[in-house]
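Contents: one structure, followed by commentary.
We did not get these values from a lab; they are worked out from the coordinates using the rules stated. Note that the structure is predicted; figures quoted are calculated from it, not measured. As a convention, Cβ positions derive from the backbone with ideal geometry for all residues, glycine included, and neighbour counts pool all protein chains shown.
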Amino acid sequence: MSFDSHGELKIWVQDNIVYLEASGGWNLEKAREFTRTINEVIFPQLVPPFGVVGVLHNDWMPTADAIPHLHEATRIAIKAGMVKEAYVSSSAISSRVTQSFVLPPRLLALPKSRIF
């Protein structure tokens, strides 16, 4: 059974930096949509090395089944030449979720000043 994607995403490239704004509850379908957009639309516009800046609005939250896809998107981005990644959120919960569940486990071993 397939569901409609839930959550909002605005993503664009400017000066070889990927900018994204995420809001709402992201389900598995939204995470898959995000990965497809990254691979098919965003990566062709980039030249390594590149960076990513994400704005996580207060209500952004991925579901448990979306998290592995977000891990994979980060791994793919690193492989494609991402050298810096920063997320901004005014929500302590979104920040903790991103830090604890969304970033691939090996990135969490880095000092926090290098992640956020």
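For the stretch 48-102, what class follows from the C-alpha gyration tensor (a ≥ b ≥ c being the square roots of its eigenvalues): rounded when a/c is under 1.5, otherwise prolate if a/b is larger than b/c, else oblate?
Numbers: a/c = 2.84, a/b = 1.43, b/c = 1.98.
Oblate, since a/c reaches 1.5 and b/c is not below a/b.
So who's got an amide H within less than 5 Å of the one on Val88, skipping anything under 5 residues away but keeping other chains? H placed 1.01 Å off N, in plane.
Here the answer is Gly54, Val55, Leu56, since their amide H atoms fall under 5 Å of that of Val88.
In nm, to one decimal, how far is the modelled label at Ser95 from the one at Trp12, with both set 7 Å along Cα→Cβ?
Going from the Ser95 label point to the Trp12 one covers 2.7 nm.
So what's the net charge close to Pro48: Lys and Arg +1, Asp and Glu -1, counting the other residues with Cβ under 13 Å from its Cβ? Please list the in-between numbers first.
Numbers: positive: Lys79, Lys84; negative: none.
Charge balance near Pro48 sits at +2.
Between rounded, prolate and oblate, where does the stretch 1-79 land on the alpha carbon gyration tensor, with a ≥ b ≥ c its root eigenvalues, rounded for a/c under 1.5, else prolate if a/b exceeds b/c? Write out the running numbers ahead of the final one.
Values: a/c = 2.00, a/b = 1.56, b/c = 1.28.
Cα axes put the stretch 1-79 in the prolate bin.
Between Asp4 and Asn58, what FRET efficiency follows from the Cβ-Cβ distance if R0 is 22 Å, with the result rounded to 0.05?
Working: r = 23 Å, r/R0 = 1.02.
Result of the calculation: an efficiency of 0.45.
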